[in-house]
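The values are calculated or read from the model by the stated rules, or taken from the named source; none is laboratory data. No experiment lies behind these values; they were computed from the predicted model shown. A quick note on method: Cβ atoms are made from the backbone with ideal geometry, for glycine too, and the neighbour counts reach across all protein chains shown. These accessible areas exclude ligands, DNA and RNA; they are computed on the full protein's heavy atoms, side chains included. Shrake-Rupley method; radii C 1.70, N 1.55, O 1.52, S 1.80 Å.
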Amino acid sequence: MTSHLGNPQKIQGKGGLKSLLEKLSSLHVDGATGVVRDVTGLCMTIHGLEGLVSIGDRINVKARSGVSIQSEVVGFHNAHARVMAFGSLEGIGPGCEARISLSGCQSAGLGVNESWLGRVVDPLGMPIDGKGPLAPAFQQQPVSAAPPNAATRARLGERIDLGVRALDAFTTCRRGQRLGLFAGSGVGKSTLLSMLARGANCDVAVIALVGERGREVREFIEDDLRAEGLARSVVVIATSDAPPLMRRDAAVAGMAIAEHFRDQGKSVLLLMDSVTRYCMALREIGLSAGEPPATRGYPPSVFAELPRLLERAGPGYPGEGMITALFTVLVEGDDHNEPVADAVRGILDGHIVLDRRIGEQGRYPAIDVLRSLSRAVPGCNSAEENRLTKQARATMATYERMADMIRLGAYKAGTEPDVDEAVRLMPRLEEFLSQGKSERSNCAEAFEQLSSIVNAEA
């Protein structure tokens, strides 16, 4: 092998001896340093680490106060690293030191273990519930991982009791299935998630609150989730005021934690609220790194990262556990065809729609059964159960079609037998679909109650 170190002319031809010496002088036994050259918006440009870092690497930037702020490489401009911080940029300016570890500057994993159950952590795995430090782990769970191989991963498991009658009967879910929960703001998503966390038949629940309102965090944990739900849960939180990297990593960390328990053979329920705020964080990162905006301001990378995250949920390999996941989608202006909602609906195995009009009528959870769908239903329910749900859907559809005429008194009883049947059964179906947040149900009970309604004689 030929070396050019002894030939200064060849070194100069490849960038100059001076440049090489500057890089060598920045090297330390355990790391290398660069400097912040400029700060634009949410991004810093780091000089002096050319050829030493890549996308996703972590860099510690020292603010003028002496505080070290963890940051991540999100892009490059003219070979110089473009970096975003996990914290505030206050106190950072040109000349601040940026340092990497030569032993491995790649993104660190999470030391997940059994001590995480019942705890509330931030996206970096640090406890924020005031209950003391987490027990050390012998192995790190990688935050970024590829989904299981599509050709060799396990198939969906048996049906799972979600604890909510409307879901168990009309959007029956199997272990390892992924469902989207579509709703506007203030329609009851958080309450429904808490009902699932407490009532679903699973070993571990992982709850990722992405861009959550800070005021509502304690209310969700103490009033909605409660001690019984928290005991078997891990809650990952990044509030709406957190930097975009933290909001992005709240979703990614929640997935990694779920994967840890899945690999232990456990049945995991992953609840993520919301995928829309995850995409908004990706949009901020992409635009700050210089990506061009595309659909509604979302850069192309958002719609490349979205399936990479969602496909990680689901069945593991044969012999492992499964991640049953529900991802909420905050539809802007109740537009269910906006880009994020449309993309998520095409990836997942079904969708549950919460309707504001139903909530305004006082029925909670405000699930629009006719617009909700589980793609696994035909394969996990019996022929009789499928008949019951089909008949109940037909009855509700008939009532909805004639609702205005019925309310106005324009419909005359006896004109259409199916409408008369819908008028008779609808009050009991509405009662069936309504459920208090402390109530718990299962699939067998749900179908038994639905049978008593649909098969009741006039």
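Just one of (1) modelled with pLDDT of 95 or more; (2) under 18 Å from G163 (Cα atoms); (3) open to solvent by 80 Å² or more (accessible area, probe 1.4 Å) fails for F447. It is (3). Looking across the range 348-369, just one residue is at pLDDT 95 or above and in a helix (DSSP H, G or I), and that is V369. You will find that of R407, R401, R440, the residue that is open to solvent by 20 Å² or more (accessible area, probe 1.4 Å) and either under 22 Å from G188 (Cβ atoms) or outside any helix (DSSP H, G or I) (or both) is R440 and no other. Here the condition is being modelled with pLDDT of 95 or more and out of contact with any Lys or Arg (no Cβ under 6 Å at 6 or more places or on another chain); of F170, F138, it holds for F170 alone. Annotation: Y278 fulfils all but one of (1) closer than 25 Å to I237 by Cα; (2) surrounded by fewer than 17 Cβ atoms within 10 Å (Cβ to Cβ); (3) not aliphatic (A, V, I, L, M); the unmet one is (2).
Within the range 331-350, is even one residue in contact with a Phe, Trp or Tyr (Cβ under 9 Å, 6 or more places away or on another chain), closer than 27 Å to S438 by Cβ, open to solvent by less than 60 Å² (accessible area, probe 1.4 Å) and not charged (D, E, K, R)? No, the range 331-350 has no match at all.
Taking the range 50-75 as the search range and keeping residues that are part of a loop (DSSP other than H, G, I, E, B) and under 16 Å from I92 (Cβ atoms), which one is most open to solvent (accessible area, probe 1.4 Å)? Only one residue tops the list, namely R64. Scanning the range 275-322 for residues that are out of contact with any helix residue (DSSP H, G or I) (no Cβ under 9 Å at 6 or more places or on another chain), small (G, A, S) and in contact (Cβ under 8 Å) with a residue 12 or more places away in the chain yields G290, G314, G319. Counting the residues of the range 304-342 that are over 15 Å from A145 (Cα atoms) and under 14 Å from the mean Cα position of the chain (by Cα) gives 9.
For the range 425-436, a residue qualifies if it is farther than 13 Å from I367 by Cα and either in contact with a Ser or Thr (Cβ under 9 Å, 6 or more places away or on another chain) or surrounded by 19 or more Cβ atoms within 10 Å (Cβ to Cβ) (or both), and the qualifying residues are L425, M426, R428. The condition (being more than 26 Å from A343 (Cα to Cα), open to solvent by less than 30 Å² (accessible area, probe 1.4 Å), touching a Leu at 6+ places or on another chain (Cβ under 7 Å) and part of a loop (DSSP other than H, G, I, E, B)) is satisfied by just one residue among G176, G163: G163. Can you tell me which of S240, S185 is surrounded by fewer than 24 Cβ atoms within 10 Å (Cβ to Cβ), hydroxyl-bearing (S, T, Y) and in contact with a helix residue (DSSP H, G or I) (Cβ under 8 Å, 6 or more places away or on another chain)? Answer to the check: S240. Out of curiosity, is G87 in contact with a Pro (Cβ under 7 Å, 6 or more places away or on another chain), assigned to a loop (DSSP other than H, G, I, E, B) and modelled with pLDDT of 90 or more? So G87 passes the test. Evaluating G130 against the criteria (1) farther than 21 Å from V329 by Cβ; (2) outside any loop (DSSP other than H, G, I, E, B); (3) of a type outside the set (D, E, K, R) leaves one unmet condition, (2). Taking the criterion of being of a type in the set (G, A, S), under 14 Å from E259 (Cβ atoms) and surrounded by fewer than 14 Cβ atoms within 10 Å (Cβ to Cβ), the only residue of the range 124-150 that qualifies is A146.
When P318 is tested against (1) more than 20 Å from A208 (Cα to Cα); (2) surrounded by 15 or more Cβ atoms within 10 Å (Cβ to Cβ); (3) at pLDDT 90 or above; (4) out of contact with any strand residue (DSSP E or B) (no Cβ under 7 Å at 6 or more places or on another chain), only condition (2) is not met.
A count restricted to the range 263-274 and to residues that are farther than 21 Å from L225 by Cβ and either among the small types (G, A, S) or surrounded by 24 or more Cβ atoms within 10 Å (Cβ to Cβ) (or both) stands at 1.
For the range 204-237, the candidate set comprises residues that are of a type in the set (G, A, S) and either in a helix (DSSP H, G or I) or open to solvent by 10 Å² or more (accessible area, probe 1.4 Å) (or both); within that set, the residue that is modelled with the lowest pLDDT is G214. Evaluated against (1) out of contact with any Ser or Thr (no Cβ under 8 Å at 6 or more places or on another chain); (2) at pLDDT 90 or above; (3) aliphatic (A, V, I, L, M); (4) open to solvent by less than 80 Å² (accessible area, probe 1.4 Å), L17 falls short on exactly one condition, (2).
Conditions (1) assigned to a loop (DSSP other than H, G, I, E, B); (2) of a type in the set (G, A, S); (3) farther than 30 Å from G87 by Cα, marked per residue:
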site: A151; (1), (2), (3): yes, yes, yes
site: R155; (1), (2), (3): yes, no, yes
site: V187; (1), (2), (3): yes, no, yes
site: L193; (1), (2), (3): no, no, no
site: R198; (1), (2), (3): no, no, yes
site: N201; (1), (2), (3): yes, no, yes
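Which of the residues that make up the range 370-381 are open to solvent by less than 30 Å² (accessible area, probe 1.4 Å) and not in a helix (DSSP H, G or I)? Listed by number, the residues that qualify are S372, S374, A376, N381.
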